[in-house]
1. Name every residue in region 15-44 that is open to solvent by 70 Å² or more (accessible area, probe 1.4 Å) and part of a strand (DSSP E or B), in order of residue number.
2. Can Thr66 be described as over 18 Å from Gly31 (Cβ atoms), touching a strand residue (DSSP E or B) at 6+ places or on another chain (Cβ under 7 Å) and either free of Cβ contacts under 8 Å to residues at least 60 places away in the same chain or of a type outside the set (A, V, I, L, M, F, W, C) (or both)?
3. From the residues in region 45-62 that are open to solvent by 20 Å² or more (accessible area, probe 1.4 Å) and touching a Lys or Arg at 6+ places or on another chain (Cβ under 9 Å), which one is nearest to Asn28 (Cα to Cα)?
4. If I go through region 76-107 residue by residue, how many of them are among the small types (Gly, Ala, Ser), surrounded by fewer than 16 Cβ atoms within 10 Å (Cβ to Cβ) and closer than 17 Å to Gly10 by Cα?
5. Please enumerate the residues belonging to region 69-104 that are outside any helix (DSSP H, G or I) and either among the charged types (D, E, K, R) or in contact with a Pro (Cβ under 7 Å, 6 or more places away or on another chain) (or both).
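The values are calculated or read from the model by the stated rules, or taken from the named source; none is laboratory data. Everything numeric in this text was worked out from a predicted model, so none of it was measured. For neighbour counting, all protein chains shown are included, and Cβ atoms are generated from backbone atoms with ideal geometry for every residue, glycine included. The area values use the complete protein model at the heavy-atom level, side chains included, leaving out ligands, DNA and RNA. Shrake-Rupley method; radii C 1.70, N 1.55, O 1.52, S 1.80 Å.
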Amino acid sequence: ATGYQNTSPGGLDIDSAGNLVAIDTSANNVGALIVYSGCKPACKLVGGPFALHGEAFWGHLNQKSTAFATANYIAGEIDVYKYSTTALTYLYSFTNGLTPSDSVKGAAYNPRSNE
């Protein structure tokens, strides 16, 4: 693929509109979410980069693509955002017993995204 802006590897998901949702782990010193369409072979920027609340490698959308969760591995918590192709809004974090020493790397929803 060409046309992408990510400078570092990170997790991928697909939203309900078929857009590629990509985490760039080096953007903004903590990472960013970037939304693309196409990528056959040229990607077109749809939204972002949207700064993440904490450092994250992987994250996933909920079933309706209205929320996005990431594992903040430095803080040992899950960060939850309101998602749209035009904005990513941090909502809250939770630990449910996680600590920074757990080195949590990923988060997902159940049920997961349908894409």
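1. Lys44
2. Yes; evaluated as a whole, the condition is true for this residue.
3. Ranking the candidates gives Phe57 first.
4. 2
5. Ile74, Ala75, Gly76, Glu77, Asp79, Lys82
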